[in-house]
Each structure stands twice: as C-alpha cells, then as structure tokens.
Amino acid sequence: MSRDSFNMYNPEGKKVGTMLTKTFIEKEKIYYSDISQFDNGSIYEEAFFVIDKESLRTESVNIYFKIGENYQRIEYNITNKSLQGSNTLSIGGKLTTKKIDTIIDFDVVRPEIFALINGVVNLKKDTLKLKVLEPTSLRVANASLKFEDNQEVKIQDELHKVKRISLNGGRVVPDNIIYVGDFKLKKVDVVKPSLEICLVKSKKIEHTDSKKLHFIEL
C-alpha cells in the first residue's frame, strides 16, 4: 500500500491546498482513494474507487464533493458500462436524490488515468485516444494522452527525471500535464485554472483492511 501527499500551488508559488492519495492491492482488487481540499475551505472532495486488478476497469465509484455549503454525493457500481447507483445534491439547503441507471460508452473513468498511470508510461505510442468518463457529471470526453520524451523538471527545487504526459480533456475533463518518475506520480499541472500539484511525501504502508482506505461512511 502506498500513501502519497501532495501540495497545491497557485501561479505565484503560494500553497493553496493539499491532496492525499492511497493505493492498495488486495487479492483481485485495486483500491484507490483521494482527499483533495483547498486551505481556505472553499472546496473539499473525498473519492474512493475499486478497480478490478485483471481488467483494470473501475467497478465502483463513491465521491463526496463540497463547495461552500453545497455538496454532491454520488455513488454507483459499473458492470459492462452499465452504471447503477444514486446521485444526491444539496444546494442552498435543498436536498434532491436521483437514481442512476444508465449505460454509457466509455473506455476509462478519469481517476484510472492517475491511479494506473505507471501502466501507460511505457506504451510505444505517441498518442493514446480515450473516451474518458467524468465521474461526477457522467459526461464522456473524447480525450487523448500525448507521451513526450523523458526530461528533467524542477519540482520543489529539485531536479527529477520524468516522463511528461499531456492530457487533453476534450473540454469535458480538465487539461493536465502529468509528470511520472520512479514509478510515481511526481507532479500534475492543471492548465485552467492554473494550479501546480506536487508530490511532497510518499510512504509505503503495511497491509491493512481495504475498508480503512474508504474515507466516506456509507
């Protein structure tokens, strides 16, 4: 199991937020979780995904996303591109819940790109085109990953040898520049709004119950 801590920086270099990810493999499942938040409390997100180890397909999604006093809680299971679950919105104190029962044609759920990025960095391709499912809006992006030559980049005043990957989100998911080195996600540049997300600490954690990865109480 790995636990990776990231800081978020604005264009002026000021720390504005944090992100914590955990990845754990248990038998035939990969469990991936993420907590992201801005320091001023304006945005907070918890996300938990279960991915099948053999097919590398996401099987379940659970996300809690909060902006100010408004929030969304969306959870669903995926079977052969069939999504079943629920989507709850609380806006201005008004709570609504809708059932999710639909079939969507897509290749990957967006978090798979980051959770499994080491599985694609060595593909012998210049560009990989993907139909990417945005997990909260359930919209599909005609996205692409462009693989560039290995290079050195400065991350937190240190030079790192990395593979640079450009994610074009097709105006549905955010455009990102992803940097991977030493089998780790080292840095992500968010294009709009401009934001730099840098790895500041990585730690291997001993085997634990996969339920401990789940930040959200169901």
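A few remarks follow.
- Residues in region 154-199 that are touching a Gly at 6+ places or on another chain (Cβ under 8 Å) and of a type in the set (Val, Ile, Thr): Val162 only.
- Pairs where the first residue, in region 55-79, is on the phi > 0 side of the Ramachandran plot and the second is in a loop (DSSP other than H, G, I, E, B), C-beta under 9 Å, 6+ apart: Leu56/Leu116; Gly68/Gly41; Gly68/Ser42
- A count restricted to region 60-86 and to residues that are open to solvent by 70 Å² or more (accessible area, probe 1.4 Å), among the charged types (D, E, K, R) and within 25 Å of Ile103 (Cα to Cα) stands at 2.
- Evaluation of Phe48 against the conditions (1) touching a Phe, Trp or Tyr at 6+ places or on another chain (Cβ under 6 Å); (2) part of a strand (DSSP E or B); (3) open to solvent by less than 30 Å² (accessible area, probe 1.4 Å) shows that the sole unmet condition is (1).
- Filtered residue count, region 7-24, keeping only those that are within 16 Å of Pro111 (Cα to Cα) and of a type in the set (A, V, I, L, M, F, W, C): 3
- Test: residue in region 51-59 that is within 16 Å of the chain's Cα centre (by Cα), surrounded by fewer than 18 Cβ atoms within 10 Å (Cβ to Cβ) and not in a strand (DSSP E or B): yes
- When the residues of region 99-109 are filtered to those that are open to solvent by 60 Å² or more (accessible area, probe 1.4 Å) and within 26 Å of Ala143 (Cβ to Cβ), the one that is nearest to the chain's Cα centre (by Cα) is Asp105.
- Of the criteria (1) part of a strand (DSSP E or B); (2) open to solvent by 60 Å² or more (accessible area, probe 1.4 Å), which one Asn40 fails: (1)
- Residue match in region 172-185 (condition: under 22 Å from Tyr64 (Cα atoms), open to solvent by 30 Å² or more (accessible area, probe 1.4 Å) and in a strand (DSSP E or B)): no
- Residue in region 117-129 that is at pLDDT 95 or above, open to solvent by 40 Å² or more (accessible area, probe 1.4 Å), out of contact with any His (no Cβ under 6 Å at 6 or more places or on another chain) and closer than 27 Å to Ser33 by Cβ present: no
- Among the numbered conditions (1) among the aromatic types (Phe, Trp, Tyr); (2) touching a residue at least 40 places away in the same chain (Cβ under 8 Å); (3) within 24 Å of Val180 (Cβ to Cβ), the only one that Phe106 does not meet is (2).
The values are calculated or read from the model by the stated rules, or taken from the named source; none is laboratory data. Fair warning: this is a prediction, and the values are worked out from it, not measured in the lab. Note that each Cβ is placed from the backbone with ideal geometry, even for glycine, and that neighbours are counted across all protein chains shown. For the accessible areas, the whole protein counts, side chains as well, though only heavy atoms, and no ligand, DNA or RNA atoms are used. Shrake-Rupley method; radii C 1.70, N 1.55, O 1.52, S 1.80 Å.
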